[in-house]
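Single-structure report; data block below.
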Amino acid sequence: MPEPRVISFREALREAMVEEMERDPSIFLMGEEVGHYNGAYKVSEGMLARFGEARVIDTPIAETGFAGVGIGAAMIGLRPIIEFMTWNFSLTAIDQLINNAAKLRYMADGQFTLPIVFRGPGGAAHALAAQHSQALEALYAHVPGLKVVMPSTPADAKGLLKAAIRDDNPVCFIESEVMYALKGEVPAGEHVVPLGVAEVKRPGRDVTLVTWSRMTHTCLKVAEELARDGIEAEVLDLRTIRPLDVAAIVASVRRTHRCVVVQEGWPFAGVAAEVVALLARDAFDDLDAPPERVTSLDVPMPYARNLEELVLPSPARVIATVRRLLGVEETLGAPIPPARVQRRR
Amino acid sequence: MPVDVTMPKLSDTMEEGKILKWLKHPGDRVAIGEIIAEVETDKANMELEAYDEGTLAEVRVPEGESAPVGAVIAVLAAPGEGVAKGPAAGAGKAAAAAEKAAPSARAPASAPGAAAAAKAEAGREPFRPTVVRRPEPVESRGAAASVKASPLARRIAQERGLDLAQVTGTGPGGRIVQKDVEAALAERGGTPPAPAKPAAPAEPRPAAESRVELSRIRRTTAKRMGESKREIPHFYASSEIAMDEAARLKEALAALEGEYEGLTYTHVVLKAVGLALTRVPELNASYDGDAMVLHQAVNVGVATAVDDGLVVPVVRHCDREPLAAIVRQARGLLGRARSGRFASDDLTGATFTLSNLGMLPVTEFAAVINPPQAAILAVGTIRETPVVRDGQIVPGRRMTVTVSCDHRIIDGVLAGRFLRELKGLLENPLALVL
């Protein structure tokens, strides 16, 4: 077993890329500012010096172009890692992702593989306003042919990125800007986390909090808070949005009989809606309460910091939802949670 | 306060009822539980009991007329209480009676009639149920369905035989949740609540019994046989058939091998039943409300035991298919029954059923009709027995068959005719191979 060390999320990502590129010369990294600038978020720091300009390639600001170049390279047998400075910018390349990457293996009847990873930060950071604060996983997870991976810890970031690079299908690997500095134990060397496998980050018996990426930490905080009142929440980190680990979700809800899905994305037709639909079908007779969602509010992200906090799912809102599900009265004297803003369904 | 007497729902399928007779008349005093009318429903004639006491103030539906379920058919007034006129026929007489019964409480003459009526209507309790003699617990089922409970609570309650209507819900909005059901079960003093595990092992039970989950086939059989015996008025007719000739024919054909390989008495009887049914087609029929459906095809289901219960694969056209073809069909069906892989139409379309227990020491038995069919033939074993022939006692082979018939469409004489044809065909079996 490789020795774990404490490193940051961004270092874990870099480690995954460096180890894989050393293992396999067909892997290369391409994107805006990944080389000479050492990465907009310093994820690829030092990689140009290590691998040279042929394998760490700076591009113009032209997402459609370099995403398409990457897809073409993957079609002829290379294994590109395409970095979007943020996933918000992938929207200019969405035709490449949805019409080319997701479809080509199918439309060519499997004559070639498409081993490509699109990666970069998604979701809100701090006061980046509506166009740069979007959690777009539901958009890409909607499309058959794309895998969508969203790690929550440095160890998962390394293990999942290695698995994504080794996968012969296009993978959308969505990180989070606010987690790049997050530190955690990461095994050195070979550490691969298979795609499509969720993980219980904290066991509990009263309610399952299904979540992923950054919201995993919100849910862990919530679980700690609830435990003080004797409510044991299980935190299930999906890690991969597609393929979805349905079995793990159902197994957890069969233990706890209640479920709240917590996501950073918008509520309408989101990943949480998908999870709730699956539970309604596969765990109906195990449910002791209606499955619920806590999501961002159904609005473009406001620029103002205080409003941004109100829009994002807060621990207080998750707690209020859990308490409502359990039929537990609000603790007297507790601060009024912003949950009051959420419309009651 | 006046109380409406409404047309009760006396069966699941009842939409309206006909008043056969009013046993109480306007002005009569009515006590709780007293029979006030006779009602004809789609199923039977029933008696209508009063739920409240008072004076029958008004009859809204005269004898011989029908009213939909829920409609007001009469109005009861408390003694000394007036009643507004209803809109229906016969109201004049009723109103007169009401006036006679309680003149002091009439609406003031100066008030506009309509306003007075509206006022009285508003004060009246709407839709009081009327208690009747009725065995089906339709109302309690309705109440259970409207109980608010989580799916998990419902599942546990169903598994443990708990009536949710008796449970108080403590969940959000008064919903019955898991812990409420478990508390109720604990109070009931049964076994402790099962651990909340996905595939919890069967709850502990006394060692003297074991609970075996019914297979899907068995459940279907249980349901259908229960329905059949409850719904269908069965009657039974038996006949003893000399099987000496049929046995000789069977042995001779079986010796030919080839297309008759595997020939059994079941096949011989199938062919005989097929022909007999063309001669008495009323047994190849179904009861359908006001009609009797005579089936063109003669498709005979053969009750067949399999590992997890009873299946009835269907041998088609037993009337016109030659015996060899029947053997072929039946062999194919039996093979598929044993492997549990029926073709899609192997089990459908039977118009009559044959149940043969002749391979076991069953002298005779009566079978339960397989709805929507109207008859089933139960075949006992062929036994060697002394018989009298030409004044001499000689050894003979005899088989007793019993036909169960749906008396709604089949009378005894038809059953007798069918047995006569069947007996004739089996005792002179050449017709079976011609």
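Annotations
- Ordered by the count of other Cβ atoms within 10 Å of each Cβ, fewest first, A:Lys158, B:Lys423, A:Lys221 give A:Lys221, B:Lys423, A:Lys158.
- Within-11-Å neighbourhood charge of A:Val143 [Cβ basis; K, R +1; D, E -1]: +3
- Distance between the 7 Å Cα→Cβ label points at B:Ala165 and A:Asn99: 6.2 nm.
- Cβ crowding within 10 Å averaged over residues, with A:318-327, B:59-68, B:387-396 ranked highest first: A:318-327, B:59-68, B:387-396
- Taking the centroid of alpha carbons for each part, the range B:150-168 and the range B:290-328 are 43 Å apart.
- Cα extents of chain A along the three principal axes, largest first (Å): 63, 42, 41
- Taking every residue in A:283-292 and counting other chain Cβ atoms within 10 Å of its Cβ, the average works out to 6.
- The alpha carbon centroids of the range A:207-271 and the range A:45-115 are separated by 32 Å.
- Dipole moment magnitude, nearest 20 debye, the range B:217-433 about Cα centre, only Lys, Arg, Asp, Glu C-beta charged: 360
- Per-residue Cβ neighbour rank within 10 angstrom, fewest leading, B:Phe352, B:Phe365, A:Phe66: B:Phe365, A:Phe66, B:Phe352
- Rounded tilt (10° steps) of A:271-282 against the dominant C-alpha axis of chain A: 60
- Counting only Cβ charges, +1 for Lys and Arg and -1 for Asp and Glu, the dipole size of the protein assembly as shown around its Cα centre is about 660 debye.
- For the protein assembly as shown, adding -39500 (n - 2.57) for each run of n ≥ 4 DSSP H residues and dividing by the number of residues yields -9500 deg cm²/dmol at 222 nm.
- Burial ranking of peptide ranges A:16-26, B:268-278 (average Cβ count within 10 Å, highest at the top): B:268-278, A:16-26
- 3J(HN,Hα) couplings calculated from phi for the range A:321-328 with the Karplus curve 6.51 cos²θ - 1.76 cosθ + 1.60 (θ = phi - 60°) are, in sequence order, 5, 4, 4, 5, 4, 7, x, 9 Hz; Gly and Pro show x.
- Per-residue Cβ neighbour counts within 10 Å put B:Ser404, B:Ser215 in the sequence B:Ser215, B:Ser404, beginning with the fewest.
- Rounded, prolate or oblate (a/c below 1.5 giving rounded, otherwise prolate when a/b exceeds b/c) for the range A:224-302 by Cα gyration tensor: oblate
- Residues of the range B:240-284 falling in the label zone of B:Thr385, defined by backbone nitrogen less than 11 Å from a point 7 Å along Cα to beta-carbon, are B:240-243.
- Only Lys, Arg (+1) and Asp, Glu (-1) charged, at Cβ; the range A:95-157 dipole about Cα centre in debye: 80
- Hull volume in cubic angstrom per residue (convex hull over the Cα atoms of the protein assembly as shown): 302
Values in this text are rule-based calculations from the coordinates and carry no lab data. These numbers were taken from a predicted model, which means no experiment stands behind them. Cβ atoms come from the backbone with ideal geometry, glycine included; neighbour counts cover every protein chain shown.
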